[in-house]
Amino acid sequence: MRIITRFHHSDIRRLLLGIIVIAGFVVLLVQCFGIPCRNSFCLSPIKVSVIELTNSNVTQVSVMNYTNLSDDDDEELENKKEDLDSENDVVISKEKVEMNVSFIAIGNISLRNPKMVVVSSESESDPNSVMIRVKDSRKGNVLSLRRHKQGSAISISQMNSLLIQSLSSFKSPKPRWSSARDSEMLSARSEIEKVSLVHDFLGLNPLVYRNISKFLRSYDLMERKLKIYVYKEGGKPIFHTPMPRGIYASEGWFMKLMESNKKFVVKDPRKAHLFYIPISIKALRSSLGLDFQTPKSLADHLKEYVDLIAGKYKFWNRTGGADHFLVACHDWGNKLTTKTMKNSVRSLCNSNVAQGFRIGTDTALPVTYIRSSEAPLEYLGGKTSSERKILAFFAGSMHGYLRPILVKLWENKEPDMKIFGPMPRDPKSKKQYREYMKSSRYCICARGYEVHTPRVVEAIINECVPVIIADNYVPPFFEVLNWEEFAVFVEEKDIPNLRNILLSIPEDRYIGMQARVKAVQQHFLWHKKPPSS
(Lines give C-alpha, C1' and ligand atoms only; values in the text may rest on other atoms or scores of the structure.)
Protein backbone atom coordinates (compact mmCIF):
# COMPACT_ATOMS: atom_id res chain seq x y z
CA MET A 1 0.00 0.00 0.00
CA ARG A 2 1.40 3.38 -0.96
CA ILE A 3 2.29 5.69 1.88
CA ILE A 4 -0.08 8.38 0.62
CA THR A 5 -3.00 6.07 1.32
CA ARG A 6 -1.65 4.77 4.57
CA PHE A 7 -0.65 8.13 6.02
CA HIS A 8 -3.60 10.24 5.01
CA HIS A 9 -5.76 9.10 7.91
CA SER A 10 -6.00 12.67 9.16
CA ASP A 11 -4.30 16.01 8.83
CA ILE A 12 -3.42 15.95 12.50
CA ARG A 13 -1.40 12.82 11.83
CA ARG A 14 0.49 14.70 9.17
CA LEU A 15 0.84 17.59 11.56
CA LEU A 16 2.37 15.67 14.39
CA LEU A 17 4.65 13.25 12.59
CA GLY A 18 7.89 15.17 12.71
CA ILE A 19 9.12 14.37 16.17
CA ILE A 20 12.40 15.60 17.55
CA VAL A 21 13.32 15.24 21.19
CA ILE A 22 14.16 18.46 23.00
CA ALA A 23 14.72 18.64 26.76
CA GLY A 24 13.71 15.05 27.23
CA PHE A 25 10.40 15.38 25.36
CA VAL A 26 9.33 14.37 21.88
CA VAL A 27 8.68 17.62 20.06
CA LEU A 28 6.20 17.71 17.22
CA LEU A 29 6.92 19.49 14.01
CA VAL A 30 3.72 21.40 13.69
CA GLN A 31 1.93 21.00 10.41
CA CYS A 32 -1.18 19.56 8.83
CA PHE A 33 0.30 19.36 5.33
CA GLY A 34 0.43 16.26 3.18
CA ILE A 35 2.26 13.39 4.78
CA PRO A 36 3.45 14.63 8.17
CA CYS A 37 6.97 15.63 8.90
CA ARG A 38 8.46 16.20 11.59
CA ASN A 39 15.86 42.84 18.30
CA SER A 40 14.85 46.02 19.13
CA PHE A 41 12.76 48.24 16.87
CA CYS A 42 13.88 51.22 14.77
CA LEU A 43 12.29 54.31 16.28
CA SER A 44 13.29 56.74 13.53
CA PRO A 45 13.38 56.38 9.76
CA ILE A 46 16.60 55.50 7.97
CA LYS A 47 16.31 56.14 4.26
CA VAL A 48 18.37 53.93 1.99
CA SER A 49 19.44 55.68 -1.21
CA VAL A 50 20.17 53.88 -4.43
CA ILE A 51 21.42 56.02 -7.30
CA GLU A 52 22.29 54.82 -10.78
CA LEU A 53 24.92 56.84 -12.59
CA THR A 54 25.14 56.24 -16.34
CA ASN A 55 27.03 58.70 -18.54
CA SER A 56 27.05 61.09 -15.58
CA ASN A 57 23.25 61.12 -15.49
CA VAL A 58 21.75 60.41 -12.10
CA THR A 59 18.41 58.72 -11.67
CA GLN A 60 16.88 58.07 -8.27
CA VAL A 61 14.19 55.55 -7.53
CA SER A 62 11.81 56.20 -4.65
CA VAL A 63 9.70 53.32 -3.43
CA MET A 64 6.63 54.18 -1.37
CA ASN A 65 4.73 51.27 0.16
CA TYR A 66 1.38 51.89 1.75
CA THR A 67 0.57 49.36 4.44
CA ASN A 68 1.96 46.14 5.29
CA LEU A 69 4.69 43.82 6.17
CA SER A 70 2.93 40.88 4.57
CA ASP A 71 3.46 39.76 1.03
CA ASP A 72 0.56 40.86 -1.16
CA ASP A 73 -2.20 40.20 1.34
CA ASP A 74 -5.34 41.93 0.06
CA GLU A 75 -6.98 41.98 3.48
CA GLU A 76 -3.90 43.45 5.13
CA LEU A 77 -3.50 46.02 2.36
CA GLU A 78 -7.01 47.25 2.99
CA ASN A 79 -6.50 47.50 6.73
CA LYS A 80 -3.13 49.26 6.39
CA LYS A 81 -1.89 47.59 9.53
CA GLU A 82 1.41 45.83 9.60
CA ASP A 83 4.73 45.45 11.20
CA LEU A 84 8.28 46.63 11.42
CA ASP A 85 11.48 44.65 11.41
CA SER A 86 14.72 46.02 12.79
CA GLU A 87 16.71 44.76 9.81
CA ASN A 88 14.70 46.79 7.31
CA ASP A 89 16.10 50.20 8.15
CA VAL A 90 12.66 51.68 7.51
CA VAL A 91 9.92 52.92 9.78
CA ILE A 92 6.24 52.18 9.47
CA SER A 93 3.86 54.98 10.34
CA LYS A 94 0.08 54.93 10.38
CA GLU A 95 -0.13 56.10 6.79
CA LYS A 96 2.85 54.78 4.93
CA VAL A 97 6.17 53.01 4.79
CA GLU A 98 8.86 55.08 3.12
CA MET A 99 11.99 53.76 1.58
CA ASN A 100 14.17 55.52 -0.97
CA VAL A 101 16.36 53.20 -2.96
CA SER A 102 19.16 53.95 -5.41
CA PHE A 103 22.01 52.27 -7.24
CA ILE A 104 25.42 53.63 -8.12
CA ALA A 105 27.05 52.23 -11.23
CA ILE A 106 30.05 53.28 -13.30
CA GLY A 107 29.17 55.33 -16.38
CA ASN A 108 28.46 53.60 -19.68
CA ILE A 109 27.72 50.34 -17.86
CA SER A 110 24.25 48.81 -18.06
CA LEU A 111 22.79 46.86 -15.19
CA ARG A 112 22.79 43.75 -17.34
CA ASN A 113 26.46 43.53 -16.39
CA PRO A 114 26.67 45.74 -13.31
CA LYS A 115 30.19 47.04 -12.72
CA MET A 116 29.62 48.52 -9.32
CA VAL A 117 26.60 48.99 -7.13
CA VAL A 118 26.67 50.81 -3.81
CA VAL A 119 23.79 51.05 -1.37
CA SER A 120 24.32 53.35 1.58
CA SER A 121 22.36 54.80 4.45
CA GLU A 122 22.00 58.55 4.93
CA SER A 123 23.37 58.05 8.44
CA GLU A 124 26.93 57.09 7.62
CA SER A 125 27.99 57.28 11.29
CA ASP A 126 25.12 55.16 12.58
CA PRO A 127 26.75 52.72 15.03
CA ASN A 128 23.78 50.35 14.76
CA SER A 129 24.14 49.79 11.03
CA VAL A 130 26.71 47.92 9.02
CA MET A 131 27.86 48.11 5.40
CA ILE A 132 27.73 44.79 3.58
CA ARG A 133 29.88 44.70 0.44
CA VAL A 134 29.08 42.37 -2.40
CA LYS A 135 31.35 41.46 -5.30
CA ASP A 136 30.00 40.81 -8.76
CA SER A 137 31.65 37.46 -9.48
CA ARG A 138 31.74 38.22 -13.21
CA LYS A 139 33.88 41.34 -12.92
CA GLY A 140 35.04 41.41 -9.32
CA ASN A 141 33.21 44.63 -8.56
CA VAL A 142 31.35 45.52 -5.42
CA LEU A 143 27.79 45.83 -4.18
CA SER A 144 27.49 47.39 -0.76
CA LEU A 145 24.38 47.31 1.39
CA ARG A 146 23.86 49.15 4.64
CA ARG A 147 21.51 47.34 6.96
CA HIS A 148 20.86 46.95 10.67
CA LYS A 149 23.83 45.34 12.37
CA GLN A 150 23.25 41.64 12.92
CA GLY A 151 26.53 39.93 12.22
CA SER A 152 27.43 37.73 9.29
CA ALA A 153 24.72 35.88 7.40
CA ILE A 154 24.36 32.23 8.40
CA SER A 155 24.38 29.98 5.36
CA ILE A 156 22.23 26.90 4.88
CA SER A 157 25.27 24.66 5.39
CA GLN A 158 26.03 26.44 8.68
CA MET A 159 22.43 25.91 9.74
CA ASN A 160 22.85 22.21 9.02
CA SER A 161 25.86 22.16 11.33
CA LEU A 162 23.97 24.05 14.04
CA LEU A 163 21.16 21.50 13.87
CA ILE A 164 23.55 18.58 14.24
CA GLN A 165 25.28 20.28 17.17
CA SER A 166 21.98 21.06 18.85
CA LEU A 167 20.62 17.53 18.60
CA SER A 168 23.88 15.90 19.65
CA SER A 169 24.61 18.14 22.63
CA PHE A 170 21.23 18.62 24.24
CA LYS A 171 20.67 17.62 27.85
CA SER A 172 17.27 16.94 29.33
CA PRO A 173 16.39 19.43 32.07
CA LYS A 174 15.19 17.71 35.16
CA PRO A 175 11.48 18.24 35.85
CA ARG A 176 10.52 19.38 39.33
CA TRP A 177 8.78 16.04 39.78
CA SER A 178 8.59 12.91 37.66
CA SER A 179 5.74 11.79 35.43
CA ALA A 180 4.94 8.61 33.57
CA ARG A 181 4.99 10.72 30.39
CA ASP A 182 8.70 11.40 30.87
CA SER A 183 9.70 7.77 30.50
CA GLU A 184 7.39 7.41 27.48
CA MET A 185 9.07 10.34 25.76
CA LEU A 186 12.57 9.12 26.55
CA SER A 187 11.64 5.68 25.26
CA ALA A 188 10.33 7.22 22.03
CA ARG A 189 13.52 9.18 21.58
CA SER A 190 15.59 6.05 22.06
CA GLU A 191 13.54 4.18 19.47
CA ILE A 192 14.00 6.97 16.94
CA GLU A 193 17.75 7.22 17.52
CA LYS A 194 18.29 3.46 17.31
CA VAL A 195 16.05 2.78 14.31
CA SER A 196 17.40 0.36 11.73
CA LEU A 197 17.94 1.45 8.15
CA VAL A 198 14.77 0.90 6.12
CA HIS A 199 14.79 -0.18 2.49
CA ASP A 200 11.09 0.08 1.70
CA PHE A 201 10.32 3.80 1.38
CA LEU A 202 6.62 3.20 0.73
CA GLY A 203 6.51 5.56 -2.26
CA LEU A 204 8.45 8.41 -0.65
CA ASN A 205 11.55 9.96 -2.20
CA PRO A 206 14.28 9.43 0.43
CA LEU A 207 16.40 12.29 -0.95
CA VAL A 208 14.01 14.96 0.35
CA TYR A 209 14.46 13.78 3.96
CA ARG A 210 17.45 14.07 6.23
CA ASN A 211 16.87 10.54 7.50
CA ILE A 212 13.85 8.71 6.10
CA SER A 213 14.28 5.82 8.53
CA LYS A 214 13.87 8.16 11.51
CA PHE A 215 11.06 9.95 9.71
CA LEU A 216 9.05 6.75 9.32
CA ARG A 217 9.72 5.60 12.88
CA SER A 218 8.69 9.02 14.21
CA TYR A 219 5.44 8.75 12.33
CA ASP A 220 4.72 5.32 13.71
CA LEU A 221 5.39 6.45 17.28
CA MET A 222 3.27 9.54 16.82
CA GLU A 223 0.36 7.43 15.56
CA ARG A 224 0.51 5.08 18.50
CA LYS A 225 1.55 7.22 21.44
CA LEU A 226 1.53 11.00 21.16
CA LYS A 227 -1.11 12.85 23.22
CA ILE A 228 -1.70 16.59 23.47
CA TYR A 229 -3.70 18.74 25.85
CA VAL A 230 -5.24 21.98 24.55
CA TYR A 231 -5.80 24.62 27.22
CA LYS A 232 -9.45 25.69 27.43
CA GLU A 233 -8.76 29.02 29.09
CA GLY A 234 -8.80 32.26 27.12
CA GLY A 235 -11.61 34.20 25.51
CA LYS A 236 -12.39 34.61 21.84
CA PRO A 237 -11.21 35.93 19.44
CA ILE A 238 -7.65 36.02 20.81
CA PHE A 239 -7.87 32.37 21.82
CA HIS A 240 -9.68 29.44 20.22
CA THR A 241 -10.61 31.37 17.06
CA PRO A 242 -8.95 29.97 13.91
CA MET A 243 -8.33 32.42 11.07
CA PRO A 244 -7.98 30.17 8.01
CA ARG A 245 -7.59 32.92 5.40
CA GLY A 246 -4.84 35.31 4.46
CA ILE A 247 -1.11 35.30 4.91
CA TYR A 248 -1.22 34.01 8.50
CA ALA A 249 -3.50 31.08 7.63
CA SER A 250 -1.08 28.40 8.82
CA GLU A 251 -1.60 29.14 12.51
CA GLY A 252 -5.36 29.25 11.92
CA TRP A 253 -5.50 25.89 10.18
CA PHE A 254 -3.37 24.31 12.86
CA MET A 255 -5.67 25.61 15.58
CA LYS A 256 -8.80 24.55 13.68
CA LEU A 257 -7.63 20.99 13.06
CA MET A 258 -5.99 20.54 16.45
CA GLU A 259 -8.95 21.66 18.53
CA SER A 260 -11.35 19.46 16.55
CA ASN A 261 -9.13 16.37 16.73
CA LYS A 262 -10.10 13.36 18.83
CA LYS A 263 -7.17 11.01 18.23
CA PHE A 264 -4.31 13.06 19.67
CA VAL A 265 -6.10 15.54 21.92
CA VAL A 266 -6.90 14.35 25.45
CA LYS A 267 -9.29 15.87 27.98
CA ASP A 268 -7.19 14.83 30.96
CA PRO A 269 -3.96 16.89 31.01
CA ARG A 270 -2.25 14.21 33.12
CA LYS A 271 -2.23 11.97 30.03
CA ALA A 272 -0.61 14.56 27.76
CA HIS A 273 2.96 14.58 26.49
CA LEU A 274 2.65 18.11 25.12
CA PHE A 275 0.53 21.17 25.91
CA TYR A 276 -0.80 23.54 23.24
CA ILE A 277 -1.44 27.23 23.91
CA PRO A 278 -4.17 28.15 21.36
CA ILE A 279 -3.40 31.84 20.83
CA SER A 280 -3.61 33.88 17.62
CA ILE A 281 -1.09 36.74 17.53
CA LYS A 282 -2.91 38.32 14.59
CA ALA A 283 -6.22 38.22 16.45
CA LEU A 284 -4.51 39.64 19.54
CA ARG A 285 -3.37 42.71 17.63
CA SER A 286 -6.62 43.17 15.75
CA SER A 287 -8.99 42.73 18.68
CA LEU A 288 -7.05 45.00 20.99
CA GLY A 289 -6.64 47.66 18.32
CA LEU A 290 -2.90 47.76 18.91
CA ASP A 291 -1.92 49.11 15.51
CA PHE A 292 1.32 50.61 16.69
CA GLN A 293 2.02 48.85 19.93
CA THR A 294 5.45 47.31 20.28
CA PRO A 295 5.82 43.54 20.65
CA LYS A 296 6.60 44.16 24.33
CA SER A 297 3.09 45.41 25.08
CA LEU A 298 1.57 42.51 23.18
CA ALA A 299 3.91 40.09 24.95
CA ASP A 300 2.48 41.29 28.25
CA HIS A 301 -0.87 39.77 27.26
CA LEU A 302 0.80 36.44 26.48
CA LYS A 303 2.56 36.55 29.86
CA GLU A 304 -0.76 37.14 31.61
CA TYR A 305 -2.13 34.01 29.97
CA VAL A 306 0.90 31.94 30.93
CA ASP A 307 0.62 33.22 34.52
CA LEU A 308 -3.05 32.17 34.46
CA ILE A 309 -2.41 28.57 33.40
CA ALA A 310 0.66 28.32 35.63
CA GLY A 311 -1.48 29.33 38.60
CA LYS A 312 -4.38 27.05 37.73
CA TYR A 313 -2.46 23.96 36.61
CA LYS A 314 0.74 22.34 37.75
CA PHE A 315 2.06 21.33 34.34
CA TRP A 316 3.79 24.55 33.26
CA ASN A 317 5.64 24.78 36.57
CA ARG A 318 6.71 21.13 36.44
CA THR A 319 8.95 21.74 33.41
CA GLY A 320 9.17 25.51 33.19
CA GLY A 321 7.12 25.28 30.01
CA ALA A 322 9.52 22.92 28.21
CA ASP A 323 6.68 20.57 27.19
CA HIS A 324 4.45 23.45 26.00
CA PHE A 325 4.24 24.88 22.51
CA LEU A 326 2.48 27.50 20.44
CA VAL A 327 2.07 28.20 16.73
CA ALA A 328 2.58 31.77 15.49
CA CYS A 329 2.69 32.82 11.85
CA HIS A 330 2.44 36.55 12.48
CA ASP A 331 5.59 38.55 11.79
CA TRP A 332 5.87 39.48 15.45
CA GLY A 333 5.55 35.88 16.65
CA ASN A 334 9.26 35.56 17.27
CA LYS A 335 9.60 38.80 19.22
CA LEU A 336 6.43 38.30 21.23
CA THR A 337 7.39 34.89 22.52
CA THR A 338 11.13 35.16 23.08
CA LYS A 339 10.93 35.88 26.81
CA THR A 340 7.69 34.26 28.01
CA MET A 341 8.21 31.06 25.95
CA LYS A 342 11.97 30.87 26.37
CA ASN A 343 11.86 27.23 27.51
CA SER A 344 9.03 26.19 25.17
CA VAL A 345 8.82 24.98 21.61
CA ARG A 346 7.74 27.69 19.19
CA SER A 347 6.51 26.88 15.71
CA LEU A 348 7.14 30.12 13.82
CA CYS A 349 6.81 31.41 10.28
CA ASN A 350 9.31 34.19 11.01
CA SER A 351 12.15 31.76 11.56
CA ASN A 352 15.05 34.21 11.58
CA VAL A 353 18.07 32.62 13.23
CA ALA A 354 19.63 36.07 13.67
CA GLN A 355 16.66 37.22 15.74
CA GLY A 356 16.38 34.42 18.27
CA PHE A 357 14.97 31.47 16.35
CA ARG A 358 16.57 28.41 17.94
CA ILE A 359 17.56 25.69 15.50
CA GLY A 360 16.89 22.31 17.08
CA THR A 361 14.37 23.67 19.59
CA ASP A 362 11.93 25.79 17.62
CA THR A 363 10.31 24.57 14.41
CA ALA A 364 9.84 26.58 11.22
CA LEU A 365 6.29 26.74 9.88
CA PRO A 366 5.50 27.41 6.20
CA VAL A 367 3.84 30.69 5.28
CA THR A 368 0.77 29.67 3.30
CA TYR A 369 -1.33 32.43 1.78
CA ILE A 370 -4.83 30.93 1.55
CA ARG A 371 -7.32 33.08 -0.32
CA SER A 372 -10.32 30.80 0.16
CA SER A 373 -10.85 28.71 3.28
CA GLU A 374 -13.30 26.64 1.24
CA ALA A 375 -10.68 25.73 -1.37
CA PRO A 376 -7.22 25.67 0.23
CA LEU A 377 -5.83 23.40 -2.50
CA GLU A 378 -6.82 25.50 -5.52
CA TYR A 379 -4.39 25.97 -8.42
CA LEU A 380 -2.25 22.99 -7.46
CA GLY A 381 0.24 21.74 -10.06
CA GLY A 382 2.31 23.09 -12.96
CA LYS A 383 4.05 22.30 -16.23
CA THR A 384 6.67 19.60 -16.65
CA SER A 385 10.34 20.51 -16.48
CA SER A 386 10.72 20.37 -20.28
CA GLU A 387 7.79 22.77 -20.77
CA ARG A 388 9.18 25.46 -18.50
CA LYS A 389 10.84 28.00 -20.79
CA ILE A 390 11.27 30.89 -18.33
CA LEU A 391 14.49 30.73 -16.31
CA ALA A 392 13.32 32.73 -13.27
CA PHE A 393 10.24 34.65 -12.12
CA PHE A 394 9.47 37.16 -9.40
CA ALA A 395 6.69 39.71 -8.93
CA GLY A 396 5.70 41.45 -5.74
CA SER A 397 5.48 44.61 -3.69
CA MET A 398 8.66 46.47 -2.87
CA HIS A 399 8.66 45.49 0.79
CA GLY A 400 11.95 45.72 2.65
CA TYR A 401 15.41 46.64 1.43
CA LEU A 402 16.05 43.61 -0.80
CA ARG A 403 13.31 43.53 -3.41
CA PRO A 404 14.00 46.99 -4.86
CA ILE A 405 17.57 45.87 -5.48
CA LEU A 406 16.41 42.63 -7.12
CA VAL A 407 13.99 44.45 -9.41
CA LYS A 408 16.41 47.25 -10.27
CA LEU A 409 19.15 44.82 -11.21
CA TRP A 410 17.07 42.33 -13.19
CA GLU A 411 13.80 43.82 -14.43
CA ASN A 412 13.79 43.88 -18.27
CA LYS A 413 17.46 42.88 -18.38
CA GLU A 414 17.24 39.35 -19.84
CA PRO A 415 14.38 37.78 -21.83
CA ASP A 416 14.40 34.63 -19.69
CA MET A 417 14.34 36.58 -16.40
CA LYS A 418 10.76 37.69 -15.67
CA ILE A 419 11.41 39.99 -12.73
CA PHE A 420 8.74 42.55 -11.92
CA GLY A 421 7.52 44.83 -9.19
CA PRO A 422 3.92 44.59 -7.99
CA MET A 423 1.47 43.25 -10.56
CA PRO A 424 -2.12 44.55 -10.76
CA ARG A 425 -4.67 42.75 -8.60
CA ASP A 426 -7.35 42.19 -11.20
CA PRO A 427 -8.34 38.56 -12.05
CA LYS A 428 -6.43 38.58 -15.35
CA SER A 429 -3.18 39.65 -13.68
CA LYS A 430 -3.58 37.14 -10.88
CA LYS A 431 -3.99 34.40 -13.48
CA GLN A 432 -0.89 35.67 -15.29
CA TYR A 433 1.04 35.51 -12.01
CA ARG A 434 0.10 31.85 -11.58
CA GLU A 435 1.00 31.09 -15.19
CA TYR A 436 4.45 32.61 -14.73
CA MET A 437 4.99 30.34 -11.73
CA LYS A 438 3.74 27.26 -13.55
CA SER A 439 5.94 28.06 -16.58
CA SER A 440 9.20 29.00 -14.82
CA ARG A 441 12.08 26.78 -13.85
CA TYR A 442 12.96 28.80 -10.78
CA CYS A 443 10.71 31.01 -8.67
CA ILE A 444 12.48 33.75 -6.75
CA CYS A 445 11.47 33.86 -3.08
CA ALA A 446 12.97 37.16 -1.95
CA ARG A 447 12.42 38.29 1.62
CA GLY A 448 10.20 41.27 2.33
CA TYR A 449 10.25 43.15 5.61
CA GLU A 450 10.88 39.81 7.32
CA VAL A 451 12.80 36.75 6.17
CA HIS A 452 9.76 34.60 5.45
CA THR A 453 7.54 34.86 2.38
CA PRO A 454 4.53 32.89 1.07
CA ARG A 455 6.34 32.54 -2.27
CA VAL A 456 8.19 29.49 -0.97
CA VAL A 457 4.94 27.56 -0.63
CA GLU A 458 3.54 29.14 -3.81
CA ALA A 459 6.55 27.87 -5.73
CA ILE A 460 6.14 24.36 -4.34
CA ILE A 461 2.40 24.32 -5.04
CA ASN A 462 3.12 25.35 -8.64
CA GLU A 463 5.97 22.78 -8.88
CA CYS A 464 8.59 25.48 -9.46
CA VAL A 465 12.01 25.15 -7.82
CA PRO A 466 12.20 27.79 -5.03
CA VAL A 467 15.18 30.16 -5.05
CA ILE A 468 15.34 31.50 -1.51
CA ILE A 469 17.04 34.88 -1.08
CA ALA A 470 16.72 35.65 2.62
CA ASP A 471 19.81 35.58 4.78
CA ASN A 472 19.35 33.76 8.11
CA TYR A 473 16.00 32.23 7.11
CA VAL A 474 15.46 28.72 8.46
CA PRO A 475 13.15 26.98 5.96
CA PRO A 476 10.06 25.02 7.06
CA PHE A 477 10.48 21.56 8.61
CA PHE A 478 14.22 22.10 8.62
CA GLU A 479 14.78 19.26 11.10
CA VAL A 480 13.20 16.75 8.72
CA LEU A 481 13.53 17.95 5.12
CA ASN A 482 16.74 18.07 3.10
CA TRP A 483 16.06 21.43 1.47
CA GLU A 484 19.13 21.58 -0.74
CA GLU A 485 17.72 18.67 -2.75
CA PHE A 486 14.74 20.68 -4.00
CA ALA A 487 15.55 24.38 -3.49
CA VAL A 488 18.33 26.85 -4.30
CA PHE A 489 19.71 29.20 -1.64
CA VAL A 490 21.29 32.46 -2.82
CA GLU A 491 22.85 34.88 -0.36
CA GLU A 492 21.58 38.44 -0.57
CA LYS A 493 25.01 39.70 -1.57
CA ASP A 494 24.94 37.47 -4.67
CA ILE A 495 21.88 39.02 -6.34
CA PRO A 496 24.04 40.66 -9.06
CA ASN A 497 25.16 37.17 -10.07
CA LEU A 498 21.72 35.54 -9.80
CA ARG A 499 21.32 34.55 -13.45
CA ASN A 500 24.79 33.01 -13.65
CA ILE A 501 24.10 30.99 -10.50
CA LEU A 502 20.92 29.55 -11.99
CA LEU A 503 22.47 28.88 -15.39
CA SER A 504 25.36 27.04 -13.72
CA ILE A 505 23.00 24.35 -12.38
CA PRO A 506 23.31 21.31 -14.69
CA GLU A 507 20.21 20.24 -16.59
CA ASP A 508 19.99 16.84 -14.95
CA ARG A 509 20.35 18.46 -11.54
CA TYR A 510 17.47 20.83 -12.29
CA ILE A 511 15.24 18.00 -13.55
CA GLY A 512 15.91 16.06 -10.36
CA MET A 513 15.20 19.08 -8.16
CA GLN A 514 11.92 19.81 -9.93
CA ALA A 515 10.84 16.19 -9.49
CA ARG A 516 11.66 16.41 -5.79
CA VAL A 517 9.58 19.60 -5.48
CA LYS A 518 6.62 17.53 -6.64
CA ALA A 519 7.57 14.76 -4.20
CA VAL A 520 7.71 17.12 -1.20
CA GLN A 521 4.62 19.09 -2.19
CA GLN A 522 2.30 16.93 -0.08
CA HIS A 523 3.88 18.33 3.11
CA PHE A 524 2.79 21.86 2.22
CA LEU A 525 -0.93 21.37 1.66
CA TRP A 526 -3.82 22.17 3.98
CA HIS A 527 -6.88 19.94 3.67
CA LYS A 528 -10.35 21.22 4.48
CA LYS A 529 -11.43 17.67 5.30
CA PRO A 530 -8.71 15.28 6.46
CA PRO A 531 -8.46 12.34 4.02
CA SER A 532 -9.15 8.97 5.59
CA SER A 533 -7.29 5.77 4.97
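The values are calculated or read from the model by the stated rules, or taken from the named source; none is laboratory data. A quick note: this is a predicted structure, and the numbers were derived from the prediction, not measured. So basically every Cβ, Gly included, is an ideal-geometry build from the backbone, and we count neighbours across all protein chains shown. Only protein heavy atoms, including side chains, enter the accessible area calculation; ligands, DNA and RNA are left aside. Shrake-Rupley method; radii C 1.70, N 1.55, O 1.52, S 1.80 Å.
At-a-glance table
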read-out	value
Exceeding the 19 Å Cα-Cα cut-off - candidates 225/262; 389/428; 408/431; 408/438; 428/518	389/428; 408/431; 408/438; 428/518
Test item: Cα-centred dipole of the stretch 306-465, Lys/Arg +1 and Asp/Glu -1 on Cβ, debye	160
Within the accessible area of the stretch 385-523 (1.4 Å probe), percent carbon and sulfur	51
Listed residue (419, 503, 475) projecting farthest to the positive dipole end of the stretch 385-523, Cβ model	419
Kirkwood-type radius of the stretch 385-523, with distances r between different C-alpha atoms, in Å	15.0
Label-point separation, residue 386 to residue 270 (7 Å along Cα→Cβ), nm	6.5
Estimated FRET transfer efficiency (residue 313, residue 165; beta-carbon r; R0 30 Å; 0.05)	0.35
The stretch 381-474: trypsin sites (Lys or Arg not before Pro) falling in loop per DSSP and having at most 15 other Cβ within 10 Å	389, 413, 425
Size of electric dipole in the stretch 385-523: Cβ of Lys, Arg +1 and of Asp, Glu -1, about Cα centre, debye, nearest 20	620
Under-5 Å amide H pairs with residue 481, H placed in peptide plane, nonlocal only	210
Note, ³J(HN,Hα) from phi for the stretch 431-445, Karplus 6.51, -1.76, 1.60, rounded to Hz, x at Gly and Pro	5, 4, 4, 5, 5, 4, 5, 6, 10, 9, 6, 10, 10, 6, 10
Of the chymotrypsin sites (Phe, Trp or Tyr not before Pro) in the stretch 420-476, those whose Cβ has at most 16 other Cβ within 10 Å and which sit in DSSP loop	420
Subset of 236/271; 174/342; 263/314; 194/314 violating a 21 Å alpha-carbon distance limit	236/271; 263/314; 194/314
Environment charge at residue 177 (Cβ cut-off 15 Å; Lys +1, Arg +1, Asp -1, Glu -1)	+4
